[in-house]
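Read the structure below first, then the notes.
The values are calculated or read from the model by the stated rules, or taken from the named source; none is laboratory data. Bear in mind the structure is a predicted one, so any value in this text is a computation, not a measurement. No Cβ is skipped: glycine too gets one built from the backbone with ideal geometry, and neighbour counts run over all protein chains shown.
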Amino acid sequence: MNHEPVSATVESPAPRCAWQRCVEADPTAIATQTPEWTDAATAASRLRDGSRYYTFSDGSTAVLPLLQRCIGGRPIAAWSIPMNLGFGGLVGAPSTPARVAAVMADLRQQKLAYTSIRPLPTVGDAWDLGDGASAVQRYSHVLDLRGGLDEVWTKRLNRKARNYVRRAERNGVEVECDTTGRLAPEFDRLLSLSVERWAGQQREPLWLARARAARRDPPGRWGEIAKRLDGKCHIWVARIDGRTAAALILLLGPAALSIRSAMDHSLVKTSRANELLEWSAIRDAVEHGCDLYHLGETTPDSSLAHFKERFGATLVPYTEVRTERLPLTAADQRARELVKRAIGFRDA
């Protein structure tokens, strides 16, 4: 492999036509790396498009989706992409160490107080830290969809997952998918129930849990996102006896991303609606030609990790890269620990 250093010229914000070409040329790209996603994210927040289009000296091109927070019109912090909005990193030319080094050199020149890069887990090992950067270890699950639906069903899913899917069908669980945002209110209702359950598990005051959830997922956000993504945001729901038991939000691109899920625990425990819903989303991704299905962040050896692994997903460690002019990460971590200790919080 060629490790010769490369340089880059930069345009910001990234020209939309060039950005779209990079997405179309990248078989690993996901929806949260697209210009449409940046438009949706900036419309629903105070963040600004700070995307950067790189033309490298080796002739390749790539875009770094970047959302900026500004004060007085000046950017002070940037994320690619914020934790609650998916994954970022380079889209277009493959993320080689040489190209990543050129990107990191450019970002350091911006002299922002804080920059975070959360690349796709499948390419995260290319993001060498370089000078002045710090690493945050993260884990995500990824499912290989290559080989088609029968291959995934027989070779990826384990026996328990297949049995649970069949049981859900026997129990009369019905699934529905919509791409217009029509089902978003059902997801919002289930998310509210999930927040109450998580608060109890974590010994977190309900008012605090609801406040954090409202900041992460304001009511109506996913309905608006579905409208803006023009068919690429699939909201799946599972029902038992007409009652909504579980919901999942799937973003489709060259690769798929399951970005949100919620459930009514009292309905899914015996019906196995979650398993049928997950399988339906996997089938959706296969039918749309996706080779990879990202199931999102996971704590290793947790019940959620075990659920994802029943479907054949592999735990992938990757590194979030941060550059800071002030020790904001350490200060934030200390503040979180103090709050958790004060309220008796425990990770679920």
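Does L107 satisfy the criteria of being of a type in the set (A, V, I, L, M, F, W, C), closer than 19 Å to L66 by Cβ and buried (at least 18 other Cβ atoms within 10 Å of the Cβ)? It is true that L107 is of a type in the set (A, V, I, L, M, F, W, C), closer than 19 Å to L66 by Cβ and buried (at least 18 other Cβ atoms within 10 Å of the Cβ).
Table: residues versus (1) at pLDDT below 95; (2) surrounded by 14 or more Cβ atoms within 10 Å (Cβ to Cβ).
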{"position": "P27", "(1), (2)": "no, no"}
{"position": "A31", "(1), (2)": "no, yes"}
{"position": "A43", "(1), (2)": "yes, no"}
{"position": "G50", "(1), (2)": "no, yes"}
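Residues that are at pLDDT 95 or above, surrounded by 13 or more Cβ atoms within 10 Å (Cβ to Cβ) and over 23 Å from the mean Cα position of the chain (by Cα) within the stretch 122-148 comprise just one, G147.
Could you check, for the stretch 282-297, whether at least one of its residues is over 21 Å from T28 (Cα atoms), assigned by TED's automatic domain parsing to the domain that holds T180, outside any loop (DSSP other than H, G, I, E, B) and in contact (Cβ under 8 Å) with a residue 12 or more places away in the chain? Walk me through how you get there before you give the answer.
Looking only at the stretch 282-297, we keep the residues that are over 21 Å from T28 (Cα atoms), and these are none.
Within the stretch 282-297, not a single residue is over 21 Å from T28 (Cα atoms), assigned by TED's automatic domain parsing to the domain that holds T180, outside any loop (DSSP other than H, G, I, E, B) and in contact (Cβ under 8 Å) with a residue 12 or more places away in the chain.
Taking the stretch 149-187, which residues are of a type in the set (A, V, I, L, M) and either surrounded by 15 or more Cβ atoms within 10 Å (Cβ to Cβ) or in contact with a His (Cβ under 9 Å, 6 or more places away or on another chain) (or both)? Even if it seems obvious, please write down each step before you answer.
Our first condition is that a residue be of a type in the set (A, V, I, L, M); within the stretch 149-187, this holds for 149, 152, 157, 161, 165, 168, 173, 175, 183-184.
Correct list: V152, L157, A161, V165, A168, V173, V175, L183, A184.
Looking only at residues in the stretch 228-243 that are exposed (fewer than 14 other Cβ atoms within 10 Å of the Cβ) and free of Cβ contacts under 8 Å to residues at least 60 places away in the same chain, the one that is nearest to the chain's Cα centre (by Cα) is G231.
When every residue of the stretch 62-81 is checked against the conditions, none turns out to be more than 24 Å from Y293 (Cβ to Cβ), touching a Ser or Thr at 6+ places or on another chain (Cβ under 6 Å), at pLDDT 95 or above and surrounded by fewer than 17 Cβ atoms within 10 Å (Cβ to Cβ).
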